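What follows is a single structure, written as structure tokens, with notes after it.
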Amino acid sequence: MPNNTESQESSQVAVEGSVGLLVVVAEGDEAQRAYIVEVLTEVGCRVLPTSKSKETISTLRLRRVDLLITDLIMPEQEGLEIILYVRKHFPNLKVIAISAGNPEYLKVARALGSCGILFKPFSAGDLVRAVECVCRHGLRPDGVTPGVERDQSSPGLTAPTQPSAEETDPQSEGRARRLERVGGE
């Protein structure tokens, strides 16, 4: 988990239109969930933290929210299943998927309609930039945020784009370099 210096970084990055933004944070790890809540609160978001998938779905049914940030490895039900549920029942809800697991899960999350993805660990700045990016750009049904490319300066941050041939080819040198950078495989 990022340290206090990284948390302070978030206060220097303002999320455009974040004041009052209602965000559900679905994260099973208590420390990670608290960190995300702290960062988003500092930039003016209102945050509803959840720790289990059923709790997340219940919260989404009861409240009209602007954004869902979900871990892909959750108690009771995988985050990918939450994304499928959201796309079926709340097709316009913006979703950011996060994971420390296999980077392939994040590609699947993107394909299922996640607007943005973040590899753990990520900095406060990465989180704030992802929220800003997803809130600023429109969501297309295919989960691609128009006009947004991968942010090479921040290894944790990946804005959605159509996967290139290099990304989908498991033998690609570019994929191997990217996985090294994020500590995967």
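The values are calculated or read from the model by the stated rules, or taken from the named source; none is laboratory data. Everything numeric in this text was worked out from a predicted model, so none of it was measured. Note: ideal-geometry Cβ built from the backbone for every residue, glycine included; neighbour counts use all protein chains shown.
Listed values, structure above:
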{"item": "Leading residue by the ranking (farthest from the chain's Cα centre (by Cα)) among those in the stretch 73-122 that are within 19 Å of Gly28 (Cβ to Cβ) and among the polar types (S, T, N, Q)", "result": "Gln77"}
{"item": "Residues being of a type outside the set (Val, Ile, Thr), within 18 Å of Lys94 (Cα to Cα), assigned to a helix (DSSP H, G or I) and touching a residue at least 60 places away in the same chain (Cβ under 8 Å) - total across the stretch 31-64", "result": "1"}
{"item": "Failed item, numbered, when Pro75 is tested on (1) surrounded by fewer than 17 Cβ atoms within 10 Å (Cβ to Cβ); (2) modelled with pLDDT of 80 or more", "result": "(2)"}
{"item": "Output for the stretch 1-56, where each listed residue is at pLDDT below 95, within 13 Å of Ile98 (Cβ to Cβ) and in contact with a Cys (Cβ under 7 Å, 6 or more places away or on another chain)", "result": "none"}
{"item": "Any chance Ile96 is part of a strand (DSSP E or B), in contact with a strand residue (DSSP E or B) (Cβ under 6 Å, 6 or more places away or on another chain) and not polar (S, T, N, Q)", "result": "yes"}
{"item": "Number of positions in the stretch 22-42 that are surrounded by 20 or more Cβ atoms within 10 Å (Cβ to Cβ) and of a type outside the set (D, E, K, R)", "result": "8"}
{"item": "Options Leu93, Leu118, Leu112; residue that is at pLDDT 90 or above and surrounded by 22 or more Cβ atoms within 10 Å (Cβ to Cβ)", "result": "Leu118"}
{"item": "Qualifying residue in the stretch 71-79 (condition: out of contact with any Gly (no Cβ under 6 Å at 6 or more places or on another chain) and among the hydrophobic types (A, V, I, L, M, F, W, C))", "result": "no"}
